[in-house]
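Before any comments, here is the structure.
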Amino acid sequence: MGNILVIAARDDWPTDRVVKVLADRGAEVFRMDAAEFPQQLTLAGRIDARRGWTGGLTNAHRAVDLADIQAAYYRRPTAFQLPKGMSEPERRFAAAQARAGLGGIITALDCRWVSDPAAMSRAEYKPLQLATARQCGLAVPPTLITNSPDAVRAFAGDIAGPIICKPVASPVLIEDDELKVAYTRRITEDDLADLRGIDTTAHLFQAWIEKAYEVRLTVAGDRLLAAEIHSTTSAGQTDWRSDYQSLSYRVTDTPPVIGDAVRRLMRRLNLRFGALDFIVSPDGQWTFLEVNPCGEWDWIQHRTGLPIAEAIADELQGVPA
Amino acid sequence: MLAALAHPLEGFPLTAEGGSLPYSSEAPTGPNTRPWILRHVQRPDATQAIVKPAAVYDEQAQMSISIYDGPLPYMATHSPTVPDGNVKNPPPLDEGAKD
């Protein structure tokens, strides 16, 4: 049986759950974080005409041969920890060498990826997600991405109902010694009256889709694990991330036509894991919002009992769905 | 001839050095320079914060274990994306690692 390489931050506790499932099944796991390189993790990879990349990844407690890695789980590794005493130019140089050397060999592994890191990076782009989802047969909200106030006003005029604004990228920042989050916001007439600042960067606007509830659909390989998310508050109904205490969850089924389209989407994005968000309208129509290639899933498993860690382990071990 | 423009950062994404969210004491600027969407930025509800149990990483088990008796840390907390507004404990980003 081959080894399973797990690449994640040490304090990523959901990854602990996957490691525990794999260990209980008797799988050989080698867990590492990029932060361990080069001071706690040694790389000695070789390639020649006879064989692909072989040689070891070694830490103080175990070693794995690159040629024996059958699968790799990639989840939020942290930056290389370089030796103290380097100058800033040396640090930049060394970090680039580490990324190209260690990262290059790891991404060259001919193994089952959950998911391929380059594919995860590419799939982070919401515009790409929306375009691909649409091509795969999923309904998407009418969307505008712009730095033009005039375009915002025109979009608001074209949409029959309300519109929302949400970040195109990360919603979180720290400023003024405080952590702040830009949640999804329903736009008011007052908001539209003063659009100063739209031209400072890209902004994303979408038609507001009437919802009965939302669905977090966690995908691991061909396994679809869907949970309804219901909120009892206005804030939670606009963006469930803003009011977790108001939420309740229920395991649900994915309609076959949606499931087929999601599998096409995942193939097109070359993802083997994703946390997808859908709005389900009062008449039962599913509208795709986004796919998070490295999305959170542990709390959904906790609240619903959906076997997500087990599904990720199945995918890493090549267990048929 | 077209050159490939993929940047190596995209091929092996890592959380940035110092954490996913750089700390800053800088105050917000005015409406002409501040991204419009940040007008309605919120501090996450601290009353919904989840206190993580003290833990250390066990090299043999390759997972975190509790400092005190009790369940494994992963069994004791299930933090969703934005648990609190503590700048010393920035939340994981639902979108994953960013450079």
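The values are calculated or read from the model by the stated rules, or taken from the named source; none is laboratory data. In this text the structure is predicted, and so the values were computed from the model without any measurement. Reconstructed Cβ throughout: ideal geometry from the backbone, glycine too, with neighbour counts over all protein chains shown.
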Check: Looking at this structure, is A:Leu195 out of contact with any Asp or Glu (no Cβ under 7 Å at 6 or more places or on another chain) and in the same structural domain as A:Leu247 (by TED's automatic domain parsing)?
Finding: no
Margin query: Return the residues of the stretch A:170-191 that are part of a loop (DSSP other than H, G, I, E, B) and either at the interface with chain B (Cβ under 7 Å from one of its Cβ atoms) or surrounded by 14 or more Cβ atoms within 10 Å (Cβ to Cβ) (or both); say none if nothing qualifies.
Written below: A:Ser170, A:Pro171, A:Asp176, A:Asp177, A:Ala182, A:Tyr183, A:Thr184, A:Ile187
Checklist line | Output for the stretch A:134-153, where each listed residue is under 21 Å from A:Ser121 (Cβ atoms) and in a strand (DSSP E or B) | finding: A:Ile145
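One line per residue, one yes/no per condition, for (1) farther than 25 Å from A:Cys294 by Cα; (2) touching a residue at least 40 places away in the same chain (Cβ under 8 Å); (3) among the hydrophobic types (A, V, I, L, M, F, W, C):
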{"site": "A:Thr54", "(1), (2), (3)": "yes, no, no"}
{"site": "A:Ala63", "(1), (2), (3)": "yes, no, yes"}
{"site": "A:Ile69", "(1), (2), (3)": "no, yes, yes"}
{"site": "A:Thr78", "(1), (2), (3)": "no, yes, no"}
{"site": "A:Pro83", "(1), (2), (3)": "yes, yes, no"}
{"site": "A:Met86", "(1), (2), (3)": "yes, no, yes"}
{"site": "A:Ala118", "(1), (2), (3)": "no, no, yes"}
{"site": "A:Gly137", "(1), (2), (3)": "no, yes, no"}
{"site": "A:Pro141", "(1), (2), (3)": "no, yes, no"}
Next item on the list: From (1) under 29 Å from A:Gly259 (Cα atoms); (2) surrounded by fewer than 20 Cβ atoms within 10 Å (Cβ to Cβ), pick out the condition that doesn't hold for A:Ala220.
Entry: (2)
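Here is a check on your reading of the model: is A:Ile209 among the aliphatic types (A, V, I, L, M), assigned to a loop (DSSP other than H, G, I, E, B) and modelled with pLDDT of 90 or more?
Details: among the aliphatic types (A, V, I, L, M): yes; assigned to a loop (DSSP other than H, G, I, E, B): yes; modelled with pLDDT of 90 or more: yes.
Judged against the criteria, A:Ile209 is a match.
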Check: Any idea which residue in the stretch A:115-135 is surrounded by the most Cβ atoms within 10 Å (Cβ to Cβ), counting only those that are in contact with an Asp or Glu (Cβ under 9 Å, 6 or more places away or on another chain) and within 25 Å of A:Thr42 (Cβ to Cβ)?
Finding: A:Pro117
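Just wondering, is there one or more residues in the stretch A:249-269 that are of a type in the set (A, V, I, L, M, F, W, C) and modelled with pLDDT under 95? Please lay out each step first, then the result.
If we filter the stretch A:249-269 for residues that are of a type in the set (A, V, I, L, M, F, W, C), which is where we start, we get A:251, A:257-258, A:261-262, A:265-266, A:269.
Subset that is modelled with pLDDT under 95: none.
Within the stretch A:249-269, not a single residue is of a type in the set (A, V, I, L, M, F, W, C) and modelled with pLDDT under 95.
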Notebook entry, point to check: Residue check, A:Leu217 against (1) at pLDDT 95 or above; (2) within 12 Å of chain B (Cβ to nearest Cβ), all met but one. Which one?
Noted result: (2)
Margin query: Suppose we keep only residues that are assigned to a helix (DSSP H, G or I) and either buried (at least 23 other Cβ atoms within 10 Å of the Cβ) or more than 18 Å from the chain's Cα centre (by Cα) (or both) within the stretch A:295-309. Which one would you say is nearest to the other protein chains (Cβ to nearest Cβ)?
Written below: A:His302
Item checked: All positions within the stretch A:73-126 that are part of a strand (DSSP E or B), farther than 30 Å from A:Asp222 by Cβ and either under 23 Å from the mean Cα position of the chain (by Cα) or more than 12 Å from chain B (Cβ to nearest Cβ) (or both) -> A:Thr78
Check: Can you find a residue in the stretch A:257-272 that is in contact with a strand residue (DSSP E or B) (Cβ under 9 Å, 6 or more places away or on another chain), farther than 23 Å from A:Leu128 by Cβ, outside any strand (DSSP E or B) and not basic (Lys, Arg)?
Finding: no
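For (1) small (Gly, Ala, Ser); (2) closer than 30 Å to B:Ser25 by Cα; (3) in contact with a Cys (Cβ under 9 Å, 6 or more places away or on another chain), each residue gets a yes or a no:
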{"position": "A:Tyr183", "(1), (2), (3)": "no, yes, no"}
{"position": "A:Thr188", "(1), (2), (3)": "no, no, no"}
{"position": "A:Asp191", "(1), (2), (3)": "no, yes, yes"}
{"position": "A:Arg196", "(1), (2), (3)": "no, yes, no"}
{"position": "A:Thr218", "(1), (2), (3)": "no, no, no"}
{"position": "A:Asp222", "(1), (2), (3)": "no, no, no"}
{"position": "A:Thr233", "(1), (2), (3)": "no, no, no"}
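Just to be sure, is A:Ala156 assigned by TED's automatic domain parsing to the domain that holds A:Arg51, in a helix (DSSP H, G or I), surrounded by 14 or more Cβ atoms within 10 Å (Cβ to Cβ) and at pLDDT 95 or above? Spell out the reasoning first.
On the way: assigned by TED's automatic domain parsing to the domain that holds A:Arg51: no; in a helix (DSSP H, G or I): yes; surrounded by 14 or more Cβ atoms within 10 Å (Cβ to Cβ): yes; at pLDDT 95 or above: yes.
Here the answer is no, as A:Ala156 does not meet what is asked.
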